[in-house]
Amino acid sequence: MKVYRTDEIRNVVLLGHGGSGKTSLAEAMLYVSGATNRMGKISESNTTSDFDKEEQKRGFSISTSLIPIEWEKAKINILDTPGHQDFSEDTYRTLMAADSAVMVIDASKGVEAQTRKLFKVCVMRHIPIFTFINKMDREAKDTFDLLDEIEKELGIATCPVNWPIGSGKEFKGVFDRQKQEVELFSDTKKGTSVGEVKKVDINNPEIDWLIGTEAKVPLEEEIELLDGAAAEFDQELVSKGELSPVFFGSALTNFGVETFLQHFLAMTSSPLPRMSDQGPIDPMKEKDFSAFVFKIQANMNKAHRDRIAFMRICSGEFEAGMNVYHIQGGREVRLSQPQQMMASERKMIDKA
């Protein structure tokens, strides 16, 4: 197993109201990265993330799943959290382990109650927030109204990285503002059959018949308005959690997810320092091993009773069988059975 350098690691938590599409986004990210060869669906109870029988029965997440993927020579640890308020404590604990958050918003419903609560926790902890407005292939609110709602309800400036062309049955794709090109939507881009990703320069004459004049004219007007009124991208503000880059797509049809991953990797940071009683622990400078447990889950293995402690490394390198000092217990303990999780799957590791 490859041991990644600290600067190659990203720890991201998926947040949002129940039903916004967090698990579908996690499934699409798994598929795009090559970690799985098919995209599971909540409706078919076959997702990688929601593996628990109770989750499959209810049709939504009830506990956080840890899903590591490899993308562009980086390791992204995805934390797919419950969106239902009855299981929010699990989400709050998980936020302690994340260095950035992706707020998943249903395009037809906008900012919902649980999204507001989770956002406040992110702001309090100064976590950089990325916004993925999902389900654009269904009827959606006006795009400017959605952005206005995010800014007013959540109190954060937004910077659209791409822009949707229509919604629902009229959804044609998204316009990449930086590259000045259109990524055309195809609902064949699912986990069972991958459609070609077709990107066309906005000035290409083909664009007129590819998306139609009825879609191109409003797009040009919206982009002109956006360029004049929207906040400009500022990496420093993103890192401070004061500006949220916004992406549009459809997780269930795997549209816009690869584009999101490419931008996300460039905009997000490697593991950030964590505070201790003696001050901040810088993962880039501190060589001694330190970590904290952010979640304990029991009965994950149905064959016997077990308890798994999920640990976030703050500095140094972990080695199997090493002795560490447990601060709360005031004694040394031996970490003898380290495992790496992929949702329900586990494998023993030697180093991390």
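A few points about this structure:
- Accessible area per residue, Å², the chain with all protein chains present, probe 1.4 Å: 50
- Percent antiparallel among DSSP beta bridges (both partners in the chain, rounded to 5): 65
- Between residue 7 and residue 93, the contour length at 0.36 nm per residue exceeds the Cα-Cα span by 28.6 nm.
- When Rg and Dmax of the Cα atoms in Å is calculated for this entry, the matching label among (i) 33.2, 112; (ii) 20.8, 71; (iii) 25.4, 69 is (ii).
- Simple label model, 7 Å out from Cα along Cβ direction - residue 288 to residue 325, nm: 0.6
- Partners of residue 351 within straight-line reach, counting aspartates and glutamates whose Cα lies under 20 Å from its Cα and excluding those fewer than 8 residues away in the same chain: 7, 8, 70, 282, 286, 288, 317, 319, 332.
- Fraction of accessible area attributable to carbon and sulfur, the chain (%, probe 1.4 Å): 48
- Cβ charges +1 (Lys, Arg) and -1 (Asp, Glu), total dipole of the chain, debye: 1840
- For residue 102, the residues 5 or more places off, or on other chains, whose built amide H falls under 5 Å of its own are 13, 14, 15, 130.
- Close amide H partners of residue 158, meaning residues 5 or more places away or on another chain with modelled amide H under 5 Å apart, are 231, 244.
- Label-point gap, in nm, between residue 179 and residue 151 - each point 7 angstrom along Cα→Cβ: 2.7
The values are calculated or read from the model by the stated rules, or taken from the named source; none is laboratory data. Since the model is a prediction, treat every value here as computed from it, not as a measurement. Here Cβ is always computed from backbone atoms with ideal geometry, including for glycine, and neighbour counts include all displayed protein chains. Calculation scope for accessible area: heavy atoms of the full protein, side chains included, ligands and nucleic acids excluded. Shrake-Rupley method; radii C 1.70, N 1.55, O 1.52, S 1.80 Å.
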